[in-house]
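J.: Handing you a structure now.
Every number in this text was worked out from the coordinates using simple rules, so none of it is lab data. Keep in mind the model is a prediction, meaning the values are calculated, not measured. We place every Cβ from the backbone using ideal geometry, glycine too, and count neighbours over all the protein chains shown.
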Amino acid sequence: MSDQNKEEYELKKKAIFDAMGKRGRERILRIGYENWDPFEMPKDPRERIFSSASVRARALVEEFYRSADNKEESVAVHRELFELCRGLIQGESRAKAIFEFCTWLRKKTGADL
């Protein structure tokens, strides 16, 4: 990017930031103003729903409910199970930490909670 384009980019970025509300500015400052790209293309929401990891996670959660007559408790529980399963398939650190904690807790207590 040339110096003129960089200056224009920074001016537009600052104008967008200045036009934002207080909550929006705080969110940007949390991630870091220099890391923020207001011109980044938005993510396609269909990718989250129809990716191979999502399809696999959905099938595993449905199989979980069918096994041992588990009933789907609520939409929120189903969503959390789906997100956890998808996170494990994709190797997300948050999902791994939750799984490891549950495994550790089960070993520690020695019983079903």
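J.: Binning at 5 Å from 0, report for segment 45-109 what percent of all alpha-carbon pair distances ends up in each bin.
T.: Calculated over all Cα pairs of segment 45-109, the distribution is 3, 17, 21, 24, 22, 9, 2, 1, 0 percent.
J.: Of VAL75, VAL61, VAL55, how do they rank once you tally other Cβ atoms within 10 Å and put the fewest first?
T.: Working: VAL75 8, VAL61 22, VAL55 13.
Ascending Cβ contact count within 10 Å gives the list VAL75, VAL55, VAL61.
J.: Per DSSP helix of 4 or more residues, -39500 (n - 2.57); summed, then divided by the residues of the chain. What does that give at 222 nm, rounded to the nearest 500? Can you show the working numbers first?
T.: Numbers: 6 runs with 81 residues, N = 113.
The helix contribution divided over the chain gives -23000 deg cm²/dmol.
J.: Still on this structure, I have one more. Using Cα pairs closer than 8 Å and at least 6 residues apart in sequence, work out the relative contact order for the chain, in percent. Write down the numbers at each step before the final one.
T.: Values: 36 pairs, mean separation 17.7, N = 113.
Dividing the mean separation by the residue count of the chain yields 16 percent.
J.: Then there's this: Starting at the first residue of segment 12-25, write each ³J(HN,Hα) from the Karplus equation 6.51 cos²θ - 1.76 cosθ + 1.60 with θ = phi - 60°, in whole Hz, x for Gly and Pro.
T.: 5, 4, 5, 5, 5, 4, 5, 7, 6, x, 4, 5, x, 4
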